[in-house]
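Below: the structure, in C-alpha cells.
The values are calculated or read from the model by the stated rules, or taken from the named source; none is laboratory data. Since we're looking at a predicted model, the values are computed, not measured. Neighbour counts run over all protein chains shown; Cβ positions are idealised from the backbone, glycine included.
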C-alpha cells in the first residue's frame, strides 16, 4: 500500500495475515488479555472441540471483575464469584496460560496491568473480552474489546476475522485550562459526538491538549473511546510513551528497546493522510465535567444545570431525557453543583492509576469526608497500591475519612460486594452511568478523580477548582 | 451454531434508543460459566419490579410477545460492554433477529457468532415495522436471509444488506474457528516473519 497512511492504517496493514474476497481480513493478534467473566465459555469451547491455546506466551490472565476489594486472604465469600475465579484458575492451569493470582502484587484490573507490566506496546494488536480494552490505545496500540466467541477464536488461532474500520480524528486543540483533566476532555468529546458518534470508526486523538497529557491521562481518554461507540481509540506514540514504557517488567531492554523505539517512531500518521471524519474541540473551553443522565453523552460542565426536557424538540429524545431525570431523581434547572451525593468511588480502569490517586489525595489532604458520605478509593493494581502507600497517599486519604481498598473493578459494575443500593447516588470516576450499572437502582454521576474527591469533602457535586 | 435461513415469527416492538448491554443483561447475571439459562434475566430491570414480579407494561410480558423471535428497536442498540451474555440472553429467550437503525459494533459482531441476525434499516422503516409489530399475534414478519429481505404482514418486501462472509456463515451455521483453522499455514508463516522482524515483542511466559 502506498500513499500517506494513518497510525491505524499502519498497524492494521502490519497485521493482515490474509484478505478474504469480501474484504474481511484475518488479523493477527499480538496480545490477548483474559479475565474471569468473559473467558469460561471460551475455554469450554476449546475443550469441547479438542483445541489448544495456540500461543500461551501471547496471553496473560487475571481476575478483576469479581474480586472483593476488602481483605482477600480468606478467599471470595460469594459462591458464584468464587466459582468464576476458580474456573479461570483451572483453565489457565489446564491450557498453560500465564496468570497473576489474586494475592500476587501484580494482580489488578486487566487494563491497568497490561501497560504497567510493559505487555501493552506501540504498534501491536491487543484484544480482551472487555470493551475497555480501548485503554491500551493510549500507547499507540490497536486495542479493542471482543465477545467470548472471539476470545475463543483468538485463543485457538491468534487471529480474528475483522472488517477494516474507518479512520476518525478528534483533535483537541490548544491548551486545557488549569483544573481541566483528561477525564473532563473525554467527557466533553462524548458529549459532543454522542455514544454512537464513533461507531464503525477507530478514533485517533490528536492536538496539543492530547500531546500534553501524561500516559495516565491518555489512557483515561482512550479508555472511554468505547463510550463514544468507537471500535478503538489511539494516540500516536512519542517520547512521553517511550519514556513511560522503558524499564517496565516485560518491556524490551537495551538494544532491543532501541530497535523497538526505531520502529515505533515510524508509526505516527503521515502528513496528508486522510481521515473519513474529523472533529475538533477547543481545549480552552472545556471545564470540569459531570454527567447528569444515564448515558455518558448526557454531560455538562459542573457550572451548569440539569436540562429541561421541554427544551428538546425531538419527541423521542424528550421522552428519553424525562425518563433519565426520573431515574436519576433530578429536576430540570437544578444546579449540578447542588446535587447531594451518598457515595464516592475513585478507581476503575478509567481512573485507577497512581496519578489518579495522587489527584484525589491532593484534594483530600487536611480535609474531611462529609458526614454521611461513604468514599472508596480502589487502586487499579497491587503495584499502584504499593506505590501509593510508599508515597503516603493511603494515610492522607484514610485520615480524611476515605476507605483504602484492595485492587479490582470494584464499584464500576456491581459484580462484587462494592455496589450501590437502590436510590443511592454516587460521584464515580468510572466509565458508565447506565441504569443499574453500579447496582440495581443506583444513580451514577461520572467525573474526574479530583472532582470525585471534592464531592466527597463537600457532600455534593462541586467544582474541584474551588479546592485547588 | 444454529443456521439462519428464513424466519417467520412474532416481532416485539421496543422503541427505545441506546439500549445498552447492561439493560439487556445486568452485570450481576454475568457470574455464570455457561452460555445458556440467561433468557429469564433478559431485560431484567425493564421486565421485573423490585420484588421480582413481572411489569405488565413491558412488551415481553404481554401475551403474543412472550413468543417473539424478532425484536425491533431504535438507534445504537447494544451499546456499552462487550459481554456476549447479551446475545446469549436474547437467544435463550428465543430472539433470532434484531432490527434497528444501527447497532454498537461489538454487539453486532457478537450476534453473528450466535446465530442471531442483526438487521440495519433506516429509522422510518423501523418505525413502520414497529407499527406492524404492535398488531401482535396478527402481524408476523418474515426474514429471508438468502434473499436479504424482510417481508411485512402486507406482503411488502424491504431489502437489507449484510456482509457476504457473515451471511455465508449464518446460512450454513458454520463455526468460524474451523474456517480460520484452514488458514493455519498462513498464520504460521506470518508468525515466523513477525518473530524475525520484531524479535523484541515480549512473551508473557518470561518475567
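Residue-by-condition table, conditions (1) outside any strand (DSSP E or B); (2) over 22 Å from residue B:30 (Cα atoms); (3) within 7 Å of another protein chain (Cβ to nearest Cβ); (4) touching a residue at least 60 places away in the same chain (Cβ under 8 Å):
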site	(1), (2), (3), (4)
A:115	yes, yes, no, yes
A:138	yes, yes, no, yes
A:143	no, yes, no, yes
A:152	yes, no, yes, yes
A:160	no, yes, no, yes
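Counting only strands (runs of 3 or more DSSP E) that fall entirely inside the stretch A:195-301 and contain at least 2 residues that are closer than 20 Å to residue A:429 by Cβ and in contact with a strand residue (DSSP E or B) (Cβ under 8 Å, 6 or more places away or on another chain), the qualifying elements are A:289-291, A:299-301.
Checking A:170, A:126 one by one, the residue that is modelled with pLDDT of 95 or more, under 20 Å from the mean Cα position of the chain (by Cα) and within 12 Å of chain B (Cβ to nearest Cβ) is A:126 and no other.
Every condition in (1) over 15 Å from residue B:16 (Cβ atoms); (2) under 14 Å from the mean Cα position of the chain (by Cα) is met by residue B:78 except one, and the failing one is (1). Residues in the stretch B:13-43 that are over 18 Å from residue A:38 (Cα atoms) and more than 7 Å from chain A (Cβ to nearest Cβ): B:13, B:14, B:15, B:16, B:19, B:40, B:43. Number of residues in the stretch A:239-257 that are over 19 Å from residue A:383 (Cα atoms) and within 23 Å of the chain's Cα centre (by Cα): the value is 4.
Just so you know, in the stretch A:24-44 the residues that are outside any strand (DSSP E or B) and within 8 Å of chain B (Cβ to nearest Cβ) include one that is nearest to residue A:143 (Cα to Cα), and it is A:30.
Checking residue A:179 against (1) touching a helix residue (DSSP H, G or I) at 6+ places or on another chain (Cβ under 8 Å); (2) more than 9 Å from chain B (Cβ to nearest Cβ); (3) surrounded by 24 or more Cβ atoms within 10 Å (Cβ to Cβ): exactly one of these is not met. Which one? Result: residue A:179 passes all but (3). If only residues of the stretch A:309-333 that are more than 11 Å from chain B (Cβ to nearest Cβ) and surrounded by 15 or more Cβ atoms within 10 Å (Cβ to Cβ) are counted, the one that is farthest from residue B:74 (Cα to Cα) is A:330.
Annotation: of all residues in the stretch A:55-101 being touching a helix residue (DSSP H, G or I) at 6+ places or on another chain (Cβ under 6 Å) and assigned to a loop (DSSP other than H, G, I, E, B), the one that is nearest to residue A:379 (Cα to Cα) is A:69.
Against the conditions (1) buried (at least 24 other Cβ atoms within 10 Å of the Cβ); (2) more than 26 Å from residue A:43 (Cβ to Cβ), residue A:173 satisfies every one except (1).
Counting just the residues of the stretch B:176-193 that are more than 7 Å from chain A (Cβ to nearest Cβ) and surrounded by fewer than 16 Cβ atoms within 10 Å (Cβ to Cβ), which one comes out nearest to residue B:7 (Cα to Cα)?
The extreme case among them is B:178.
For (1) surrounded by fewer than 19 Cβ atoms within 10 Å (Cβ to Cβ); (2) within 22 Å of residue A:60 (Cα to Cα); (3) more than 12 Å from chain B (Cβ to nearest Cβ), each residue gets a yes or a no:
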{"residue": "A:249", "(1), (2), (3)": "yes, yes, no"}
{"residue": "A:254", "(1), (2), (3)": "yes, no, no"}
{"residue": "A:259", "(1), (2), (3)": "yes, no, no"}
{"residue": "A:262", "(1), (2), (3)": "yes, no, no"}
{"residue": "A:277", "(1), (2), (3)": "yes, no, yes"}
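Looking only at residues of the stretch B:106-149 that are touching a helix residue (DSSP H, G or I) at 6+ places or on another chain (Cβ under 9 Å) and at the interface with chain A (Cβ under 10 Å from one of its Cβ atoms), we find that the one that is nearest to residue A:200 (Cα to Cα) is B:106. Looking only at residues of the stretch A:264-273 that are surrounded by 15 or more Cβ atoms within 10 Å (Cβ to Cβ) and within 13 Å of another protein chain (Cβ to nearest Cβ), we find that the one that is farthest from residue A:204 (Cα to Cα) is A:264. Quick check, is residue B:173 surrounded by 16 or more Cβ atoms within 10 Å (Cβ to Cβ), on the phi > 0 side of the Ramachandran plot and either out of contact with any strand residue (DSSP E or B) (no Cβ under 7 Å at 6 or more places or on another chain) or more than 8 Å from chain A (Cβ to nearest Cβ) (or both)? Answer is no for this residue. The combined condition, being under 16 Å from residue A:30 (Cβ atoms), away from chain B (no Cβ under 13 Å) and modelled with pLDDT of 95 or more, is not fulfilled by residue A:119.
Each residue in the stretch B:44-72 was checked for being within 12 Å of chain A (Cβ to nearest Cβ) and touching a residue at least 24 places away in the same chain (Cβ under 8 Å), and 0 pass. Here is the figure for the stretch A:405-430: residues that are under 21 Å from residue A:460 (Cα atoms) and in contact (Cβ under 8 Å) with a residue 24 or more places away in the chain total 12.
Determine whether residue A:195 is within 30 Å of residue B:167 (Cβ to Cβ) and within 14 Å of another protein chain (Cβ to nearest Cβ).
The answer is yes for residue A:195.
Among the residues of the stretch B:150-170, the one identified as more than 7 Å from every other protein chain (Cβ to nearest Cβ), surrounded by fewer than 17 Cβ atoms within 10 Å (Cβ to Cβ) and assigned to a helix (DSSP H, G or I) is B:168.
Before we move on, is residue B:121 more than 14 Å from residue B:84 (Cβ to Cβ), in contact (Cβ under 8 Å) with a residue 60 or more places away in the chain and in contact with a strand residue (DSSP E or B) (Cβ under 7 Å, 6 or more places away or on another chain)?
Values: more than 14 Å from residue B:84 (Cβ to Cβ): yes; in contact (Cβ under 8 Å) with a residue 60 or more places away in the chain: no; in contact with a strand residue (DSSP E or B) (Cβ under 7 Å, 6 or more places away or on another chain): yes.
Judged against the criteria, residue B:121 is not a match.
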